[in-house]
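The block underneath contains the structure these notes are about, expressed in structure tokens.
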Amino acid sequence: MHKKIVIAVSAVQFLLLALVAVVVSDIHDRFFPEQLGVKAKVTLDFSQSDLRQEDVFRQLGAMSDQWELGLMKVAPDLRGDQSGQIFVQVGQKGAFPKRIERFGHEPDAEIRDRRALAHSFANGDYLVTGKTDHIDELKHWLTSHRVDQKWSEETLLTILQFLIMQSDFGVALLAVSMLMVSLALYWLAVRAKGRALRVLAGVPTWRIQCEDFSHFLLAMVLAAAILDVLAALYVGFVYGWGFVPYYSKVLLLAEAMVIFSTLVCALIFSVVSWPNPEMLAMREPAVKRLAKSSAALKLAVFAFVLSTVSPAVSAYTNARKTAQEQVM
């Protein structure tokens with residue numbers, strides 16, 4: 001019965017992570033279009049460079065073809081609400097479709113050949129969609145011509161930094177982690193009496209710990225696996241199957257972080273509340289030793305709630321001022 005409760009509650013909490021992963025995938029596709037297979041992105045500023053404007057695209061195109069970089073310039077789509085993007089080949093080599101799908105509600109993006117760069121400025125964002133073996137040579141060439149460059153690469157570390165550094169997603173991860181820690185405390189509470197009896201019977205400590213945590217971990221992993229399958233099917237049918245690999249990567253990483261932090265906290269609670277001979281001799285309730293852990297968790301949750309009050313008030317104040325300005 002208790003294991004079913006852990007599975008059900010874990011599934012609900014992992015559902016929040018699934019929604020966060022959808023938002024992350026949407027933002028990621030905006031910066032690293034999934035269907036282009038982007039390996040890296042660079043923002044270039046030629047304002048201090050000694051290169052002439054008309055020579056920039058020619059030289060970048062030659063290097064893109066020579067080193068098979070698949071370099072593409074990001075340009076705004078001036079149609080509609082002008083929030084879309086188009087991608088222009090800087091070189092001549094490379095086979096690209098005419099259009100690519102975008103995640104979410106973004107319109108499909110067009111891919112145009114280098115002729116679309118005839119009246120464009122060189123400053124802006126460029127995507128590396130091909131090989132990355134000669135990126136260092138490209139960086140050296142840009143540096144030698146005093147071109148300001150800001151690189152960001154598509155790596156697992158980038159996803160991890162994005163999840164942690166973005167305040168909204170960090171709050172979501174922290175909230176789910178606290179809920180899971182509360183669930184771990186519940187699991188230890190329902191197992192407390194059985195643990196005390198097994199200690200009294202002389203069962204080795206490591207065996208009790210392994211069995212308790214393995215059952216708890218199995219319940220969490222089972223809930224995560226069921227939700228992952230359902231979430232991947234949803235993303236595949238609604239947004240497109242090409243986005244499923246990245247979405248699954250983000251979701252699995254977020255779940256792994258939450259499960260790991262939950263197990264660490266559960267282990268600390270377990271050590272602190274471990275039955276001792278005095279407690280057994282005095283016939284104290286086994287769950288009593290979890291009182292301090294419960295109080296510490298309540299204090300942490302209260303502090304977390306207080307930390308979110310100030311940003312919420314600031315957001316409300318700014319929204320109210322904006323509304324008043326629009327009325328006036």
**OP:** Would you kindly derive the ³J(HN,Hα) couplings of the range 19-33 from the backbone phi angles with the Karplus curve 6.51 cos²θ - 1.76 cosθ + 1.60 (θ = phi - 60°), listing them in order in whole Hz, with x for Gly and Pro?
**Re:** 5, 4, 5, 5, 5, 4, 5, 5, 5, 4, 5, 5, 9, 10, x
Subject >> Solvent-accessible ranking of His215, His145, largest area first, probe 1.4 Å >> reply: His215, His145
Original post:
Residue-wise, which Karplus ³J(HN,Hα) couplings in Hz belong to the range 130-137, taking 6.51 cos²θ - 1.76 cosθ + 1.60, θ = phi - 60°, and x for glycine or proline?
Top reply: x, 6, 10, 5, 10, 5, 4, 5
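Considering all alpha-carbon pairs of the range 1-124, what whole percent are spaced by more than 24 angstrom? Don't jump to the answer; show the numbers that get you there.
Numbers: 3201 of 7626 pairs.
Roughly 42 percent, once rounded to a whole number.
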**OP:** Grab every C-alpha pair in the range 5-57, bin the distances at 5 angstrom width from 0 up to the longest one, and report whole percents.
**Re:** 4, 14, 13, 11, 11, 12, 10, 7, 5, 4, 3, 3, 2, 0
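Report the charge-dipole magnitude of the range 43-163 in Debye, nearest 20, computed about the Cα centre from +1 at each Lys and Arg Cβ and -1 at each Asp and Glu Cβ. Walk me through the numbers on the way to the answer.
Details: 15 positive and 20 negative charges, 65 e Å.
Value, rounded to 20: 320 debye.
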Subject >> Spacing of the two label points (7 Å from each Cα toward its C-beta) at Leu233 and Ala116, in nm >> reply: 3.7
Original post:
How far is it, in nm, from the label point at Val271 to the one at Arg30 when both lie 7 Å from their Cα along the line to the Cβ?
Top reply: 4.3
Original post:
What's the carbon and sulfur percent of the range 31-113's accessible surface, probe 1.4 angstrom, rounded to a whole number?
Top reply: 48
Original post:
Taking the Cα-to-Cβ direction at His215 and at Gln66 and moving 7 Å from each Cα, how far apart do the two end points lie in nm?
Top reply: 6.7
Subject >> ³J(HN,Hα) computed for each position of the range 67-72 - Karplus, 6.51 cos²θ - 1.76 cosθ + 1.60, integer Hz, glycine/proline x >> reply: 9, 6, 7, x, 5, 9
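The values are calculated or read from the model by the stated rules, or taken from the named source; none is laboratory data. All figures in this text were calculated on a predicted structure; none of them were measured in a lab. In this analysis, Cβ positions are derived from the backbone assuming ideal geometry, glycine residues included, and neighbour counts consider all displayed protein chains. Ligands, DNA and RNA are excluded from the accessible area calculation, which covers all protein heavy atoms including side chains. Shrake-Rupley method; radii C 1.70, N 1.55, O 1.52, S 1.80 Å.
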